[in-house]
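Colleague: Let me begin by handing over the structure; questions about it come next.
The values are calculated or read from the model by the stated rules, or taken from the named source; none is laboratory data. These numbers were taken from a predicted model, which means no experiment stands behind them. All Cβ positions, glycine included, derive from the backbone under ideal geometry; neighbour counts span all protein chains shown. The accessibility values were calculated without ligands, DNA or RNA, using every heavy atom of the protein model including side chains. Shrake-Rupley method; radii C 1.70, N 1.55, O 1.52, S 1.80 Å.
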Amino acid sequence: RKVAFTADKYPHIKRNPNFKEINDEDVSYLASILSQNALIVDNGTNSSDLTPFNVDWMGKYRGKSRVVVRPRSAEEVAKVLKYCGEKRIAVVPQGGNTGLVGGSVPVFDEIVISTNYLNKIRSFDPVAGILVSDAGCVLEVLDNHLAEHGYMMPLDLGAKGSCQVGGNVATNAGGLRFLRYGSLHGSVLGLEVVLPDGTILDNLLTLRKDNTGYDLKQLFIGSEGTLGIITGVSIATPKRPKAVNVAVFGLSSFEDVQKAFLKSKEDLTEILSAFEFWDFAALQLCQLYGTNRSEFPLGQYPFYVLMETSGSNKEHDDEKLAACLESLMDASIVQDGVIAQDISQMNNLWSFREDIPEATHKAGAVYKYDISLPVPVLYKMVEDMRKRLEDSGSFGKDKAITHVIGFGHLGDGNLHLNITAKEYDEDVTKLIEPYVYEWTGKYRGSISAEHGLGLMKANYLGYSKPKPMIELMRMLKKSIDPNGIMNPYKFLPN
């Protein structure tokens, strides 16, 4: 479907008049300082070549950039940013462009700086388990490389086949195994970052302990390209488990989902690596639009849970998981369940969970909200939203809104609220926003759990952060990027 320009959809956002409009002289200079084929320029006949860089994968945001720069080194990135900083040319860093909040595409005519060609694995220490790579390396490629050494990446995402590690760090991606391996704030040991003035900040350490001054790398983890461009990442990776089990349960209520989580933590402790949940509405959507056409192994239940264990002794892990499942069944917390018997069945069970985002995309225009909440009220958000949309007369068969589903990572309180509609519509948006953010703020949740703020959530930051914190963030932005050229109109309230 044709995607409207973001500038037309958000008329309150005005192009900063201080930014220079790029011209042929600028293009010629950039070409002179870059490797061959590093530029894609819209000359009026090849605008379609820029479409993948101007439009997000959901078809929700569309920029007007005429120039895409694809550097091959941090030094080339530095040359580009130095020039753009001097000329006040706005830029948008872009990795795999798999984000959900419009953070990686332009709004107006900003230059896109793509990290696609920054794709080298620099080193791996098999003793310490520390990987150093370019920022443009695809997550799945890195994980496959580590598998050869018996290690794995500490994060796993549905978009792992196309997302890039630099973008993962820039958005502080969480993923499916946050419960076991934690945040990138803990896994990332060092970063190589190019600042807006072209300075290369070389902090690509491979040390697990460094207590010398401010931990500056933390500023760039989750900064969404507003302070600089990440060009290199040093990350601590865990050993790949020798024994993995996957089970899926059917449950009667969200209260039982919580009980199952508590019991699983008690019984499985150190080997519990994932605890995912989804509702029946999500399963129905997958059965209609998902890529997995195999029969779901359980009957109809209000909720489903996927539990994964990862350990080093299969016999020990099998025994613990079987005992946990038996205990859950005896207590009538779980109504039915299945344990995968081999790797093929494990992948099949995981695919039902990983199919959900893709199914929502195929179902129509999808409004995605990635929020974190106290676990006891996590699903109440979905119930209250459904009721609000039903009461408005907009949700149901032959209505503007077709599906409202809830799924996510229960282990870290991360809810993915997805609402599908026949098309992106201003009236639908007004029904959802700012209600979803007001509701989240009421329960002291976060309006963004792992996908960032981007353009979509920038003006709602106040629901999660008090004014003094937002002002301090502005001060940091101003001190590092005084001309505001880095990913403008995003992240902070306009």
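Colleague: For the chain, report the translational diffusion coefficient in µm²/s to the nearest whole number, using Stokes-Einstein at 37 °C, 0.692 mPa s, and a Kirkwood Rh over Cα pairs. The partial results should precede the final answer.
Modeller: Working: Rh = 23.7 Å.
Using the Kirkwood radius from Cα pairs, D works out to 139 µm²/s.
Colleague: Moving to a separate point now. Report in % the part of the accessible area of the range 239-342 that belongs to carbon and sulfur, leaving out ligands and nucleic acids; probe 1.4 Å.
Modeller: In the range 239-342, the share of accessible area belonging to carbon and sulfur is 48 percent.
Colleague: Here's something else I'd like to know. What does the highest-first list of 440-447, 12-19, 100-107 look like by mean Cβ count within 10 Å? Before the final figure, lay out each step's value.
Modeller: On the way: 440-447: 17.5, 12-19: 12.9, 100-107: 27.2.
Going from most to least packed, we get 100-107, 440-447, 12-19.
Colleague: Same structure again: Starting from the Cα-Cα distance between residue 73 and residue 243, subtract it from 0.36 nm times their residue separation and give me the gain in nm to one decimal.
Modeller: Working: separation 170, 0.36 × 170 = 61.20 nm, distance 3.90 nm.
Length difference between fully extended and current span is 57.3 nm.
Colleague: So how much accessible area does residue 451 have, in Å² to the nearest 10, using a 1.4 Å probe?
Modeller: Rounded to the nearest 10, that gives 60 Å².
Colleague: Determine the calculated [θ] at 222 nm for the chain from helices alone, applying -39500 (n - 2.57) to every DSSP H run no shorter than 4 residues and normalising by the residue count; nearest 500 deg cm²/dmol.
Modeller: Details: 17 runs with 162 residues, N = 494.
Helix contribution divided over all residues of the chain: -9500 deg cm²/dmol.
Colleague: What order, most packed first, do the peptides 474-484, 77-87 have when packing is the mean number of other Cβ atoms within 10 Å of each residue?
Modeller: Working: 474-484: 14.5, 77-87: 20.4.
In decreasing order of mean packing, 474-484, 77-87 become 77-87, 474-484.
Colleague: Please report the carbon-and-sulfur percent of the accessible area for the range 143-187; probe 1.4 Å, protein heavy atoms only, DNA, RNA and ligands left out.
Modeller: Answer for the range 143-187: carbon and sulfur cover 50 percent of the accessible area.
Colleague: When the accessible area of the range 6-128 is computed with all protein chains present and a 1.4 Å probe, what percentage of it is carbon and sulfur? Don't skip to the end; give the middle numbers.
Modeller: Values: 2680 of 5590 Å².
Of all accessible area on the range 6-128, carbon and sulfur atoms account for 48 percent.
Colleague: Please give, to one decimal in nm, the separation of the simple spin-label points placed at residue 319 and residue 383, each 7 Å out from Cα toward the Cβ.
Modeller: So the two model labels end up 4.0 nm from each other.
Colleague: With every protein chain left in place, what is the accessible area per residue of the chain in square angstrom, probe 1.4 Å? Numbers along the way, then the final one.
Modeller: Numbers: 21220 Å² over 494 residues.
Value for the chain: 43 Å² per residue.
Colleague: So, in Å, what gap is there between the alpha-carbon centers of the range 357-380 and the range 1-65?
Modeller: Using only Cα atoms, the two centres lie 30 Å from each other.
Colleague: Please give the peptides 342-353, 111-122, 396-407 ranked by average Cβ packing (other Cβ atoms within 10 Å per residue), highest first, as a rough proxy for protection.
Modeller: Numbers: 342-353: 16.2, 111-122: 19.8, 396-407: 18.1.
Highest mean packing first, the order is 111-122, 396-407, 342-353.
Colleague: Compute the separation of the alpha-carbon centres of the range 201-280 and the range 115-144 and state it in Å as a whole number.
Modeller: A separation of 18 Å, based on Cα centres.
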